[in-house]
Amino acid sequence: MKKKLNKNFWKNKKVFITGINGFVGSNLAKELLKNGAEVVGLIRNKNRKTLLFAENLNKKITLIDGDVENKKILKRVFIEENIDICFHLAAQVEVGLAQKYPYLTWETNIKGTYTFFEAIRENGKKVKSIIVASSDKAYGEYPIKKMPYKENYELKPIYPYDVSKACADLIAKSYSQELFKLPIAITRFSNIYGPGQANFSALIPDCFQSLIKKTKFILRGNGEHKRDFLYIKDVINLYLQISQSLYLEPNKISGEVFNAGSNRGHKVKDIVKMIFEIGNKKKNLRSIFKNSKFKKTKGEIKSQYMDYKKVNKFFGWRPTFKMDRGLRETYDWYKKYISKIT
């Protein structure tokens, strides 16, 4: 049975989001503001072509300039802002960039994570709920017969981005255990898509941009890789449920890991097909797939999708947006957004 989210819970709660100018962070801030929370966000660069600035959310929250690796800034936030709840979302998320510059990725994703926790610990552990965004990539590669990933699977990544998320995941786990006892829940979600995703190196935004701008779309690989996708509204709903439960029942939730996905994988080329059909450009698909047929990618896992039985058991959660519906809503958003920024 699905647990109903108590939106009154968030009224006047002080919530700190690292990575607030990102896709998930800005959508989370938007929903928290609707529910009456006081939002504080760490922002590294003021890229104004994001949901945070496009919808003037930045004017309704307290923005702190700085890197997540800067403990001095983080400690000041926890001392001055009296934070109740945290969402640690800040990360270098581009897989290709991680392959070229692993050091920068590890600085942000690994050092940034232990710096974040040390700032909380040194401030006297006053925060009541901490959600850490890990990733399905943390698991590494498993054979297709082992899919979907389950929370008890060993983390065995080998590629730079994947390793960075597994390290952050384990650091969070350490801070939640008997030595430090911070109230932490770790989330390992599949690929997230939807309105507000302005990283056009990602598959779905890249597809929509090509469709709307009428430019040539180029697949990185042959389209045979399988990926799992979650719509942003489902993700935000789950983040709020986990965080609220952790705040109210720390002994039950702290230290737990939660997967979320659709329990099925989609071939990348099938997602591309869906998007171009939604945009009435099905005729473009033949040349796209012809040009990508023999392409191979390096440093990427072949098949990934997630089991959501545990979050369903704990919170009654399951994804409510089917892929077609989510993509259509996303297309409508991109048409407005792209015309506004170009």
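The values are calculated or read from the model by the stated rules, or taken from the named source; none is laboratory data. Because the structure is a prediction, the values reported are computed rather than measured. Because the Cβ atoms are built from the backbone with ideal geometry, glycine has one as well, and the counts that use them run over all protein chains shown.
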Quick check: anything in region 281-290 crowded, with 19+ Cβ neighbours inside 10 Å, touching a residue at least 24 places away in the same chain (Cβ under 8 Å) and closer than 27 Å to residue 220 by Cα?
-> yes
Mind counting the residues in region 122-152 that are among the charged types (D, E, K, R) and in contact with a Leu (Cβ under 9 Å, 6 or more places away or on another chain)?
-> 2
Residue 8, sole failed condition from (1) surrounded by fewer than 16 Cβ atoms within 10 Å (Cβ to Cβ); (2) more than 18 Å from residue 195 (Cβ to Cβ); (3) within 21 Å of the chain's Cα centre (by Cα) = (3)
Those residues of region 150-164 which are touching a Gly at 6+ places or on another chain (Cβ under 8 Å) and either surrounded by 23 or more Cβ atoms within 10 Å (Cβ to Cβ) or not in a loop (DSSP other than H, G, I, E, B) (or both) amount to 160, 162
Go through (1) out of contact with any Asp or Glu (no Cβ under 7 Å at 6 or more places or on another chain); (2) touching a residue at least 40 places away in the same chain (Cβ under 8 Å); (3) closer than 21 Å to residue 139 by Cα; (4) surrounded by fewer than 17 Cβ atoms within 10 Å (Cβ to Cβ) and name the single condition residue 312 misses.
-> (2)
Taking the condition surrounded by fewer than 21 Cβ atoms within 10 Å (Cβ to Cβ), among the acidic types (Asp, Glu) and over 25 Å from residue 242 (Cα atoms), does residue 118 pass?
-> no
For residue 336, are the conditions met, namely being over 26 Å from residue 145 (Cβ atoms) and either of a type in the set (Asp, Glu) or surrounded by fewer than 13 Cβ atoms within 10 Å (Cβ to Cβ) (or both)?
-> yes
If we take region 235-342, then helices (runs of 4 or more DSSP H) inside it with 1 or more residues that are under 28 Å from residue 97 (Cβ atoms) are 268-278, 285-292, 323-341
Kindly list the number of the only condition in (1) aliphatic (A, V, I, L, M); (2) more than 21 Å from residue 103 (Cα to Cα); (3) touching a strand residue (DSSP E or B) at 6+ places or on another chain (Cβ under 7 Å) that fails for residue 198.
-> (3)
Boolean, residue 239 is under 16 Å from residue 311 (Cβ atoms), surrounded by fewer than 20 Cβ atoms within 10 Å (Cβ to Cβ) and among the hydroxyl-bearing types (Ser, Thr, Tyr) = no
Looking at region 52-61, is at least one residue over 20 Å from residue 341 (Cβ atoms) and crowded, with 17+ Cβ neighbours inside 10 Å?
-> yes
Considering residues of region 11-30 that are touching a Ser or Thr at 6+ places or on another chain (Cβ under 8 Å) and outside any helix (DSSP H, G or I) only, the residue surrounded by the fewest Cβ atoms within 10 Å (Cβ to Cβ) = 21
Which one is nearest to residue 265 (Cα to Cα) among residues in region 165-192 that are among the polar types (S, T, N, Q) and outside any loop (DSSP other than H, G, I, E, B)?
-> 191
Just give me the residues in region 11-34 being more than 19 Å from residue 77 (Cβ to Cβ) and either touching a Leu at 6+ places or on another chain (Cβ under 8 Å) or modelled with pLDDT under 95 (or both), in sequence order.
-> 23, 24, 27, 30, 31
